[in-house]
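Shown next, in structure tokens, is the structure this report addresses.
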Amino acid sequence: MHLQLTWQGQILEFELEEGDTWADVAEDFAERIGAEATKVSFYVSPKMANVKGFMKHPFPSDKLNSIDAQDLAKLRIKAVGTPSAQVAKLDADLLRHAQRMNARQQARQASRSVKSNSNRDWQQIQDEAKYTFHAIEPLQYLPNPEKSKRYLERLASDPGIKASMRKHKFSVGLLTEMNPAEHTTHESKTLGLNRNRGEVIELRLRTDSYDGYRDYKVIRKTLCHELSHNIHSDHDRKFWDLTKQIEKEVDQNDHLHGGHKLSSDEFYVADDSYDESHADLGGWQGGEFVLGGTSSSQGLTRREIMARAAESRLRREREAVEREESNLADENRSAGS
Ligand code: NI
């Protein structure tokens with residue numbers, strides 16, 4: 001028996017023994033790409049009665065020879081997995097980078113005469129690269145994804161949100177929007193969701209009819225709530241104390257920056273208001289997150305999101321270093337002139 005998987009655009013061929021199961025295929029695939037067998041997954045199309053559309057650990061122990069040979073030949077299997085070496089390399093890159101930065105910073109401190117603010121600025125640049133949203137993705141299958149992306153970016157760069165994230169050392173893998181159709185029941189309308197303490201934060205940016213967006217301050221308040229779930233999963237006293245504190249910090253920053261002219265804001269909606277009881281059902285833990293939820297089998301898995309987030313973090317830190325270096329060069333030039 002013969003089976004093909006596609007993985008990262010490559011076709012991988014597998015020869016199966018009589019009686020091999022999906023679990024065996026997953027193990028062979030993981031071994032081939034050097035990944036952990038518990039961390040790979042398969043998307044299978046077209047739909048067939050006796051084959052699951054999405055499989056992950058623990059893989060079904062159904063035997064593949066129970067599938068009709070013609071059906072088996074028709075299966076398209078998209079395999080997802082990241083080689084352990086790649087994950088380890090990413091981690092090692094980050095560590096080496098951090099070490100290099102520290103060494104440079106020490107060298108600078110040593111060579112610098114009395115420079116009052118530079119250190120604090122550098123710390124702030126480093127913190128901003130660390131305590132942020134490492135990836136921002138709208139749902140591509142909903143109308144106008146560029147506008148959603150702009151909305152999410154606006155939230156991520158909100159001075160109050162940034163300051164609060166730095167203060168509480170909040171790091172979020174992915175900031176994305178929620179499909180209103182997927183979290184609406186008669187009893188509740190979930191406004192936001194925080195998965196696994198900051199792995200993913202989803203916000204309901206859009207109105208239920210998809211034709212518009214909810215008010216910026218309403219969504220930002222939801223974001224304060226979701227950020228608080230980075231620390232506390234349950235809606236207990238400690239959770240609400242932290243949430244109020246974050247909201248206060250964000251409001252204070254508005255005043256500090258002169259306050260936004262709301263009525264001229266792209267995302268201002270006059271008649272929208274925040275209803276605390278609708279925020280969510282508490283921090284959400286476990287499971288495999290797929291960007292685009294059930295509507296798309298092309299979604300990104302949690303592992304891919306985290307790998308992307310780590311890459312983006314590395315890139316941001318590099319950019320921060322470059323900015324810092326060019327600032328230093330400017331300082332040196334003006335000091336010399
Ligand atoms: Ni909540």
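Just checking, how many residues over region 160-178 are part of a loop (DSSP other than H, G, I, E, B) and in contact with a Leu (Cβ under 7 Å, 6 or more places away or on another chain)?
Residues meeting the conditions: 2.
One residue is enough: does region 257-280 have a residue meeting the conditions of a type in the set (Ser, Thr, Tyr), within 16 Å of the ligand (Cβ to nearest atom) and at pLDDT below 65?
yes
Just give me the residues in region 215-244 being under 20 Å from Val172 (Cβ atoms) and part of a loop (DSSP other than H, G, I, E, B), in sequence order.
His229, Asn230, Ile231, His232, Ser233, Asp234, His235
Could you tell me whether any residue of region 149-159 is under 22 Å from Lys244 (Cα atoms), within 16 Å of the ligand (Cβ to nearest atom), under 19 Å from the mean Cα position of the chain (by Cα) and not in a helix (DSSP H, G or I)?
No, there is no match, as no residue in region 149-159 is under 22 Å from Lys244 (Cα atoms), within 16 Å of the ligand (Cβ to nearest atom), under 19 Å from the mean Cα position of the chain (by Cα) and not in a helix (DSSP H, G or I).
Looking only at region 118-155, which residues are among the acidic types (Asp, Glu) and either closer than 16 Å to Glu325 by Cα or modelled with pLDDT under 90 (or both)?
Asp121, Asp127, Glu128, Glu137
Here is a yes/no grid of residues against (1) under 16 Å from Asp20 (Cβ atoms); (2) among the aliphatic types (A, V, I, L, M):
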position	(1), (2)
Val44	yes, yes
Lys47	no, no
Pro60	yes, no
Arg76	no, no
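Consider Gly9 carefully, then state whether it is on the phi > 0 side of the Ramachandran plot, modelled with pLDDT under 90 and surrounded by fewer than 16 Cβ atoms within 10 Å (Cβ to Cβ).
Answer is yes for this residue.
Buried (at least 17 other Cβ atoms within 10 Å of the Cβ), within 26 Å of Gln123 (Cα to Cα), away from the ligand (no atom under 16 Å from the Cβ) and among the small types (Gly, Ala, Ser), is that true of Ser164?
yes
The values are calculated or read from the model by the stated rules, or taken from the named source; none is laboratory data. None of the values given here were measured: they were computed from a predicted structure. All Cβ positions, glycine included, derive from the backbone under ideal geometry; neighbour counts span all protein chains shown.
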